[in-house]
Amino acid sequence: MSLLSVTGLSARQGGKRVLSGVDFSIDRGEIVTIVGPNGSGKSTLLRVLIGALKPEAGQITRAQGLRLGYVPQKLHIDPTLPLTVARFLQLPHRVPAQKARDALARTGALGLWDQQMAGLSGGQFQRVLLARALLCDPDILVLDEATQGLDQPGSAAFYELIAHLRGDLNCAVLMVSHELHVVMAASDRVLCLNGHVCCQGAPEHVASAPEYRALFGSGTHGALALYRHEHSHSHDHHSHDHADCDHDHSNDGHSTPQSGGAV
Amino acid sequence: MTLFDGFMIRAALAGIGVSLAAAPLGCFVVWRRMAFFGDATAHAAILGVALSLAFDAPIFAGVLIAALTMGYAVAVLGARGHAMDTMLGVLSHSAIAFGLVAVSFLSGVRIDLMAYLFGDILAVGHADLLVIWGGALLVLALLWWRWSALLTATLNPDLAYGAGLDPKREQLVLTLALAVVVAVAIKVVGALLIGALLVIPAAAARPLAQTPERMAVIAAGIGAASALGGLQLAFWIDTPTGPTIVCVAAGLFAVATLLDVLRKSARA
């Protein structure tokens, strides 16, 4: 049985339907990455899975006693709130200091123990957030664009750390990422999302799928194409309304081989 | 004769009681950037005073209900996507204006409105003391009980959901605590200056603290010191007590900020 699965999931955010008919599941030991353009519902899906957002329709099945370690997208800590790393790790539940130190050591951030959260660099901050997620001995680590704001070597090191932790803890990893080249190297399975599941499977399979190419282009095997989104994406057999998609079609005048969307 | 017979002693006890509850709560007000929310809740108290006088109900109950209603109204309108600061401005000033108008309708009742706007700590009686300390202990117990959950929800709502907490419930806890503090503090500093007792001690404590808990404790200390210092100073130089307490708090804030600036420039 899978750790976590959803069937027929629909969800709204801010009055707009951003997800419809999503089926998805994740097993122990798997690294699954969700990719998709801005506004495609990636973060919404994660928020539904961690329980922050009630779905409009659909079933969510969690394995009994499922423990979920959540690493949010960049967390803003108000400078009026004095908070050391050590204290941050004790929220919301007290854990033994040794356990907190072990978690920090695992993410290579032990030296930050006494530092103020507000004074950390982007990379340090993400390592502390990751350490915090490890404290509940998670069955699934859920990461929402955890490497946003890190430079390339920084995010490469971060994903290496994730893969390492997956091996150590035998947990599943579910993440949202913008960095397609890393995704292709680091994931067991990729879920390509655009309001619905466009395609999913092994990274190589997804990279060559026409739906994925329609979204990201095929130029460098999908690696660098995310920000050159020069096509009008449409799946004719889906009934969803593209007025709902936030992606910008101002470049539609350019002709590309993918123009018109392959189905 | 009992120990609490002197009006100065009662005033001191009242001031300390209110400060001890207001300062830790004020830390959350500062961390969550809710200073205007605190003001709006406090201003609703004037409307509460008018209603209690009209229905011949205890002032404490009327103020509590008005403050809770204000908290609820803010939560509902906030969820509907109104700009928060504009909406708080509308609600806060409307509450005070409607309150003042409502009081003027009460024929035959001659009340000293100044006492509710600026407090009358020297007139605190035995029953008032009981209410003040009861309310203060209730707020402290509430904060103690929900402390970790409140802190987590303050950091990030999704982080709270991820840990199985409901940030909306924690917001409700804060609204309730704020209403109780307003209801017990109106006698001490008055509706117009309750916000000061919430925010100033917390702001003064910030540069002196390394953890949230220490900030709350230091803020409580600064609050209590302001209450005692203000009371004494008002006695010496014959000034209104409530505003003098706030002046002393502001002075302590200036000292703490200055110390912080000096320490930082010494390190640089």
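The values are calculated or read from the model by the stated rules, or taken from the named source; none is laboratory data. Keep in mind that what you see is a predicted model, and the values were worked out from it rather than measured. When we count neighbours, we look across all protein chains shown, and the Cβ atoms used for this are built from the backbone with ideal geometry, even at glycine.
General remarks:
- Of B:V63, B:V29, B:V49, all but one fail to be within 24 Å of B:A250 (Cβ to Cβ) and either among the β-branched types (V, I, T) or not in a helix (DSSP H, G or I) (or both); the exception is B:V29.
- Qualifying residue in the range B:76-96 (condition: closer than 11 Å to B:H43 by Cα, over 19 Å from the mean Cα position of the chain (by Cα) and surrounded by 14 or more Cβ atoms within 10 Å (Cβ to Cβ)): yes
- Some residue of the range A:64-73 being on the phi < 0 side of the Ramachandran plot, more than 12 Å from every other protein chain (Cβ to nearest Cβ) and hydrophobic (A, V, I, L, M, F, W, C): no
- Odd one out for A:T84 among (1) at the interface with chain B (Cβ under 8 Å from one of its Cβ atoms); (2) among the β-branched types (V, I, T); (3) within 16 Å of A:V176 (Cα to Cα): (3)
- A:P92 being over 22 Å from the mean Cα position of the chain (by Cα), more than 8 Å from every other protein chain (Cβ to nearest Cβ) and assigned to a loop (DSSP other than H, G, I, E, B): no
Let's see how each residue does on (1) surrounded by fewer than 22 Cβ atoms within 10 Å (Cβ to Cβ); (2) of a type outside the set (D, E):
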site	(1), (2)
A:A131	no, yes
A:L150	yes, yes
A:M175	no, yes
A:D188	yes, no
A:G195	no, yes
A:P210	yes, yes
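- Filtered by the rule that a residue be among the small types (G, A, S) and crowded, with 23+ Cβ neighbours inside 10 Å, the range B:217-244 gives B:A219, B:A220, B:G223, B:S226, B:A227, B:G230, B:G242.
- Test for B:L176: is it touching a Leu at 6+ places or on another chain (Cβ under 8 Å) and either part of a helix (DSSP H, G or I) or within 14 Å of another protein chain (Cβ to nearest Cβ) (or both): yes
- Residue under evaluation A:L49, criteria (1) within 18 Å of B:G164 (Cβ to Cβ); (2) over 16 Å from the mean Cα position of the chain (by Cα), criterion not met: (2)
- Within the range B:190-215, if we keep just the residues that are over 13 Å from B:A23 (Cβ atoms) and not in a helix (DSSP H, G or I), the residue that is farthest from the other protein chains (Cβ to nearest Cβ) turns out to be B:G190.
- Selection count, the range A:36-48, where residues are in contact (Cβ under 8 Å) with a residue 40 or more places away in the chain and more than 10 Å from chain B (Cβ to nearest Cβ): 9
- Against the numbered list (1) within 15 Å of the chain's Cα centre (by Cα); (2) within 14 Å of chain A (Cβ to nearest Cβ); (3) under 30 Å from A:Y70 (Cα atoms), B:P157 comes up short only at (1).
- For B:V29, the test of being within 14 Å of another protein chain (Cβ to nearest Cβ), at pLDDT 85 or above and touching a Gly at 6+ places or on another chain (Cβ under 9 Å) is passed.
- Filter result (touching a residue at least 40 places away in the same chain (Cβ under 8 Å), in contact with a Ser or Thr (Cβ under 9 Å, 6 or more places away or on another chain) and outside any strand (DSSP E or B)) within the range A:133-147: A:L134, A:E145, A:A146
- You will find that of A:R101, A:R17, the residue that is more than 12 Å from chain B (Cβ to nearest Cβ), more than 23 Å from A:G149 (Cβ to Cβ) and assigned to a strand (DSSP E or B) is A:R17 and no other.
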